[in-house]
Amino acid sequence: MTHPGELLKKNSLYAGKELGQNFLSNPATAQMIVDRTGVDKEMIVLEIGPGLGAITLPLARACKQVVAVEKDRRIIPLLEEELANEGIRNVTIINQDILKTDIRELAGTKKLVVIGNLPYNISSQILFQLITIRQVVTRAFLMFQKELAERLLSPAGNRNYSRLAAVVQYASKIERVADIRPNNFFPRPDVNSTVLRFDFFETKGMGKEDEILLFSVIKAAFSKRRKTLHNAMADGELGLTKEIVGIALENAGIDPSRRAETLNVQEFIDLSKAVGKVST
Ligand code: SAM
């Protein structure tokens, strides 16, 4: 692997801040991440933002096929050259924005593993996108700013527990894969990074409509963090009266004076089922 700084300079290019281009510059770190994914020669992997190929090269050697979606057209010829120099032929590069990509269509009848060292400003959005199509994504390995990773790992009751954590913990089992220091990237970011592994659960017995309601209930509950659940949920988002919310909380066996950050995933499921019953 050629050092990203050298490769960019040789081609008179620069790392784009708006695309979150902090390329992994330490091949041992990229190899360690790929090793910890446990991918094998049977698997098709979707890589989000392959950049100059730090992860793509060891990944392509470890799996059956890599489908790499990269938004920046400028760097694709450099990635193609890196792959050709290493004699790697099982990578398909798609020049597209992942947020506008139909991953379900890309997968077809197959199941995908997803890996991405993502721009931090779109990491939550991509994670949410993956949750909504988790029938075709078995697991994902995504890099986050360390603070966001800590928030996603926080259990109910912790002050870092959030709306996103509740949704993600409902949809997947989360594990920390590795913490990565800034000196592993070019250019160096100002923050520490963490790779997380998500093993997606299929449905937990919830239909599509049930899930949409659950996510709305979680959103409403966290919309006013300082308010009690009763007040936060009766405050517009769900279009429910205070009385209806009170009945739902009582039927779910949840104290109305609690706050959203104290409810675990099962309690949110119970609450959304109770909301569904009283509001129909
Ligand atoms: N995976 C490479 C690595 O580890 O060195 C590059 C990581 S860099 C942090 C993020 C990559 O995602 C860049 O190549 C950037 O151009 C690409 N990218 C940014 N936004 C994207 C988007 N919306 N869709 C697809 N790729 C995107």
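Data for the structure
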{"item": "Restricting the stretch 12-26 to residues that are without any contact (Cβ under 8 Å) to a residue 60 or more places away in the chain and assigned to a helix (DSSP H, G or I), the residue that is surrounded by the most Cβ atoms within 10 Å (Cβ to Cβ)", "result": "Lys17"}
{"item": "Condition met for Ser12 (more than 17 Å from Phe141 (Cβ to Cβ) and within 14 Å of the ligand (Cβ to nearest atom))", "result": "no"}
{"item": "Residues satisfying the stated conditions in the stretch 198-233, i.e. buried (at least 17 other Cβ atoms within 10 Å of the Cβ) and without any contact (Cβ under 8 Å) to a residue 12 or more places away in the chain", "result": "Glu211, Lys224"}
{"item": "Matching residues, the stretch 102-112, being under 15 Å from the mean Cα position of the chain (by Cα) and either surrounded by fewer than 20 Cβ atoms within 10 Å (Cβ to Cβ) or without any contact (Cβ under 8 Å) to a residue 60 or more places away in the chain (or both)", "result": "Ile103"}
{"item": "For Lys204: the one exception among (1) more than 16 Å from Gln266 (Cα to Cα); (2) out of contact with any helix residue (DSSP H, G or I) (no Cβ under 6 Å at 6 or more places or on another chain); (3) among the charged types (D, E, K, R)", "result": "(1)"}
{"item": "Options Ile98, Ile93: the member that is at pLDDT 95 or above, under 13 Å from the mean Cα position of the chain (by Cα) and within 14 Å of the ligand (Cβ to nearest atom)", "result": "Ile98"}
{"item": "Residue match in the stretch 74-87 (condition: outside any helix (DSSP H, G or I) and in contact with a Ser or Thr (Cβ under 6 Å, 6 or more places away or on another chain))", "result": "no"}
{"item": "Breaking point among (1) more than 28 Å from Lys208 (Cα to Cα); (2) surrounded by fewer than 17 Cβ atoms within 10 Å (Cβ to Cβ), for Thr138", "result": "(1)"}
{"item": "When residues of the stretch 236-260 are limited to those that are part of a loop (DSSP other than H, G, I, E, B), of a type outside the set (Gly, Ala, Ser) and in contact with a Leu (Cβ under 7 Å, 6 or more places away or on another chain), the one surrounded by the most Cβ atoms within 10 Å (Cβ to Cβ)", "result": "Ile254"}
{"item": "Positions within the stretch 63-83 being within 13 Å of the ligand (Cβ to nearest atom) and within 24 Å of Lys111 (Cα to Cα), in sequence order", "result": "Val66, Val67, Ala68, Val69, Glu70, Lys71"}
{"item": "Test set (1) within 16 Å of the ligand (Cβ to nearest atom); (2) closer than 15 Å to Val45 by Cβ; (3) surrounded by 15 or more Cβ atoms within 10 Å (Cβ to Cβ) - Tyr120 fails condition number", "result": "(2)"}
{"item": "Filter result for the condition that a residue is over 24 Å from Leu130 (Cα atoms), among the polar types (S, T, N, Q) and assigned to a helix (DSSP H, G or I), over Thr2, Thr29", "result": "Thr29"}
{"item": "Per-region count, the stretch 141-169, residues within 16 Å of the ligand (Cβ to nearest atom) and surrounded by fewer than 17 Cβ atoms within 10 Å (Cβ to Cβ)", "result": "1"}
{"item": "Residue list for the stretch 36-59, restricted to those being touching a residue at least 12 places away in the same chain (Cβ under 8 Å) and away from the ligand (no atom under 13 Å from the Cβ)", "result": "Arg36, Thr37, Val39, Asp40, Lys41, Glu42, Met43, Ile44"}
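The values are calculated or read from the model by the stated rules, or taken from the named source; none is laboratory data. Fair warning: this is a prediction, and the values are worked out from it, not measured in the lab. In this analysis, Cβ positions are derived from the backbone assuming ideal geometry, glycine residues included, and neighbour counts consider all displayed protein chains.
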